[in-house]
1. Give me the extension gain from I89 to M465: residue separation times 0.36 nm, minus the current Cα-Cα distance, reported in nm with one decimal.
2. Which ³J(HN,Hα) values in Hz, rounded to whole numbers, follow from the phi angles of segment 434-439 under the Karplus curve 6.51 cos²θ - 1.76 cosθ + 1.60, where θ = phi - 60° and Gly and Pro get x?
3. How much length is gained on full extension from Q206 to L144, taking 0.36 nm per residue of separation minus their Cα-Cα distance?
4. Could you give the angle, 0 to 90 degrees to the nearest 10, between helix 298-309's Cα long axis and the longest principal axis of the Cα atoms of the chain?
5. Considering only DSSP beta bridges with both partners in the chain, what is the antiparallel share in %, to the nearest 5?
6. Over the chain, what is the mean sequence separation of C-alpha contacts under 8 Å (at least six apart), divided by residue count, expressed as relative contact order in percent?
7. Could you tell me the ratio Rg/Rh of the chain? Both radii from Cα atoms, Rh via Kirkwood.
8. Measuring from the lowest to the highest alpha carbon on each principal axis, how far does segment 47-127 reach, largest first, in angstroms?
Amino acid sequence: MNTKGTEITQRIRLLLSEMNRGVYEKETEISLSLLAALAGESILLLGPPGVAKSMVARRLKEAFVNADAFEYLMSRFSTPDEIFGPVSISRLKESDKYERVTEGYLPTADVVFLDEIWKAGPAIQNTLLTVINEKLFRNGDKELKLPLKLLVAASNELPAQGEGLEALWDRFLIRVICTCVKEEEEFYKMLLDDDNERERRSLEGQISDEEYAGWQKEIGKVTVSPEVLSCITAIRKALTSVEMQDTEIRRNIYVSDRRWKNIVRLLKASAFIHGRKEVCIIDLLPIYHCLWSEPDECAEVRQIVIRALFVLYVKEIASITTSLKSDLKVSRVREALDKARLNGDRRDDDLLITDHFYYQVENHGTGNTYIFIVDYKNMKEYHPKDTPTIGVMYLDPLNPKRTIIRAFSDTGRMKEQKMERVTLYRDDRHLYINGVRFPMRRLKRGEEQQLCFGNLSVTDRDYEMELETVSARIDKLVKDLSDNIFVSEDDKKSVSEYAATLRKEIAWARVDVRKLRYGDE
């Protein structure tokens, strides 16, 4: 981060701090509104009356030097004259031109707040599409370039289906669900706060028109890293099948190409504000506000984005764990074979070894049933008075045509893994599954062991160091996300909770490292 970038970041932090003073639990709405303004986008606030939606727009006016604001409550009787200015009678008489007197109306405002946006008629909606998209307004035979920096719309309901509001709904890139003050302490502060003087004071760090124009050019120069593009791909795929909470319903959330294009502009603005010339993973989290269509999708879409931020680390952990478990299997099987031979137990020398780790059980099911060598070696001999070994039987996730048997006493995850509980014991030549005897697949005369276990060896990888490296990178991402100006406290908490689940996986992997290194159980 260069000096200029640091100054802008500190300045925006200070500005947001000032703007949030005297407004309670609206930090997310105000910060995202400022991000939308700096990206040249618009924001929709969805929530019941009386939750300070209009206050957000008024505070955004304070972010800019000498900014003009326009605010209007829509109704089904609202006319274009009330929004864009009345028709000039004098111009109509003198020059026969249909022009509006725009001074004091939307076309001359820097910040616009339109309440109950969906009640606007078609004539207003169609003009707003051009205003939001191109920042242009056609007045008579002239096209006016608008000074508009931010349009904030509000409603207590979603747009009605079948009334042609889809295009306008799609133009609001950021959509935030607004609620009443939740924390009791903040609620009391809000009740007792009578200081309205602050509204009339100028804020430190206000942005001038010249700075705003310059920043727009700089934002356009920001690049996007391949890592971010890969993350966006993961999010897009996940959005095609979103699992709704407490239901078995999966929903395909449509996000238009235009919307993704605008999201990238938003990411570039975030990177610029944080003093970077390239969009990074840490810029991505707030975009979940751009991706939901129904309020009940918001929570799951947020989790999709959070998971996508950590997807590279999830893959690394999975790769390390897979190799580690393979090495652990090698170690255990070798140990079991060596122990049997040292004890003079040669009963299983002619059993066919499959895929290095398994013996095959004949005449069971489809004939594709296998048991882990270590479990078979350590199994009790058949005796009527003995308690059988508890095991599980399940389809091999890597080869669904194969059934695997393991001696496994932890039945807590049986339902999750679709495992069947079984009892097991053996004699010299058979395996007993739930009391039924099955022969083991043995080498035929002249047949050689094709997959000789002796060719395998435990790798000398430093698993502990690899796990420590991934853990440190996860910690860094969590810290970097917490430093993002536009990440809310609730989002930081959700990120920390998800990171904690990854650390648990790392902790379990470390247990396997100890087993591999010291033979601990």
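The values are calculated or read from the model by the stated rules, or taken from the named source; none is laboratory data. Note that the coordinates shown come from a computational prediction; the quantities given were computed from them, not determined experimentally. Note that each Cβ is placed from the backbone with ideal geometry, even for glycine, and that neighbours are counted across all protein chains shown. What goes into the accessible areas is simple: the full protein's heavy atoms, side chains included, and nothing from ligands, DNA or RNA. Shrake-Rupley method; radii C 1.70, N 1.55, O 1.52, S 1.80 Å.
1. Difference between extended and current length: 127.5 nm.
2. These are the phi-based 3J(HN,Hα) values: 6, x, 9, 8, 10, x Hz.
3. Gain on stretching Q206 to L144: 19.8 nm.
4. 60
5. For the chain, the DSSP antiparallel bridge percentage is about 55.
6. Relative contact order for the chain comes out at 14 percent.
7. Details: Rg = 32.6 Å, Rh = 28.1 Å.
Ratio of gyration radius to Kirkwood radius: 1.16.
8. In descending order, the Cα extents are 47, 33, 17 Å.
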